[in-house]
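Visitor: Supplied in structure tokens, the structure appears directly below.
Every number in this text was worked out from the coordinates using simple rules, so none of it is lab data. None of the values given here were measured: they were computed from a predicted structure. Please note: Cβ atoms are built from the backbone with ideal geometry, for glycine as well, and neighbour counts cover all protein chains shown.
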Amino acid sequence: MRKLRTIAGAAAGLALAAAAVTLIPRADAATNSFQRGPAPSAASIRLELTGASHFAPNIPNTTIASTSVAWLKRFVDADTRFEQFICPGPSTGATVSQYEVKCPLG
């Protein structure tokens with residue numbers, strides 16, 4: 001089993017949010033997770049999908065897939081070639097309402 005890499009002692013984190021969530025207000029869910037821990041480090045990403053519901057991760061979604069794969073390759077496999085897909089990351093617009101990441105990644 002691989003150990004998740006850390007940057008400056010902080011663990012990496014990936015928070016997915018959906019703009020149309022009705023079960024939990026988005027301000028209470030992914031935003032708080034991103035802000036509270038693991039100390040939003042240079043390895044933390046917050047991705048919010050425009051018009052997506054709470055069940056967005058259960059439905060095939062290219063934006064979730066590409067962001068997740070880039071994050072996994074960068075922080076689990078320590079493959080720095082994937083930083084180009086994280087920083088600057090996807091543009092906001094039709095599919096992404098917010099994208100937060102601290103660049104450079106360290």
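Visitor: Could you line up 46, 74 from fewest to most neighbouring Cβ atoms inside 10 Å?
Guide: Values: 46 19, 74 23.
Exposure proxy ranking, most exposed first: 46, 74.
Visitor: To make sure I understand, if each residue's beta carbon is the centre and we count other beta carbons within 10 Å, what order do 96, 101 fall in, fewest to most?
Guide: On the way: 96 18, 101 21.
In order of increasing Cβ crowding within 10 Å: 96, 101.
Visitor: Please arrange 86, 59 by how many other C-beta atoms lie within 10 Å of their C-beta, fewest to most. Please report the intermediate quantities before stating the final value.
Guide: Values: 86 22, 59 9.
So the ranking, lowest neighbour count to highest, is 59, 86.
Visitor: ³J(HN,Hα) across the range 88-97 via Karplus (A = 6.51, B = -1.76, C = 1.60, θ = phi - 60°), whole Hz, x for Gly/Pro?
Guide: x, x, x, 6, 6, x, 4, 10, 10, 8
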